[in-house]
1. Students often check this: by mean Cβ neighbours within 10 Å, which of 37-48, 95-106 ranks highest, and how do the rest follow?
2. So how far apart, in nm, are the two label points at L44 and T75 if each is 7 Å from Cα heading toward Cβ?
3. Show the residues, 5+ positions off or on another chain, whose built amide H is closer than 5 Å to the amide H of A47.
4. Below 8 Å, C-alpha to C-alpha, sequence gap of six or more: please give me the relative contact order for the range 37-112 in percent.
5. Provide, for q = 0.18 Å⁻¹, the log10 of I(q)/I(0) from a solvent-free Debye sum over equal Cα point scatterers in the range 38-99.
Amino acid sequence: MLLAIALCLIVSSNASRAQDQADQLLSEKDWADIDQELEQLMVLYAAPSLSVAVVRDGEIVYAKAFGFSNLSSQTPATQSAQYAIGSIAKTLSIGVVGALEDEGLLSLSTPVSEYLEGIELTSIDAEENLTVARLLSQTSGLADLSGSLAFFPVPDQIDILPRLGH
């Protein structure tokens, strides 16, 4: 988790630098510096691999993979490698939701049914009380799906709704 946070800080600080350069992309030297910092973090945290992408104005401006996706076979990591990120997704989700709330695009106190098309709850009470804040604080009352997506994946995220037991 510390590696992911450190990566976010590096990318964020360099993205701020890019913003200050009035819509200019980072120089090749800046990207090389980022590469070097990421490689140092991998050594520091004994991370076998990582893949990183920087998106600016909806466009990928930097994407690279480091290390090995399989250490025993020395298979190089790729930009499309999938990683089990565990609970770090909660932190990232909360950050995104907070930014959306700051921009006035959603409210923590609004029922999620106003944002998630196709979600049907079993009662009006449940529908009114299932807010974004309750989902984020894990007080929604929805069924626990711990590990089920890893062992029994669904083809589309919307297919998870029947499993929630709402």
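Every number here is computed from the coordinates shown, using simple stated rules; none is lab data. Here the structure is a predicted model, which is why all the values come from computation and not from measurement. Here the Cβ is made from the backbone with ideal geometry for all residues, glycine too, and neighbour counts use every protein chain on show.
1. 37-48, 95-106
2. Going from the L44 label point to the T75 one covers 2.9 nm.
3. It is none; the list stays empty.
4. 18
5. -0.81
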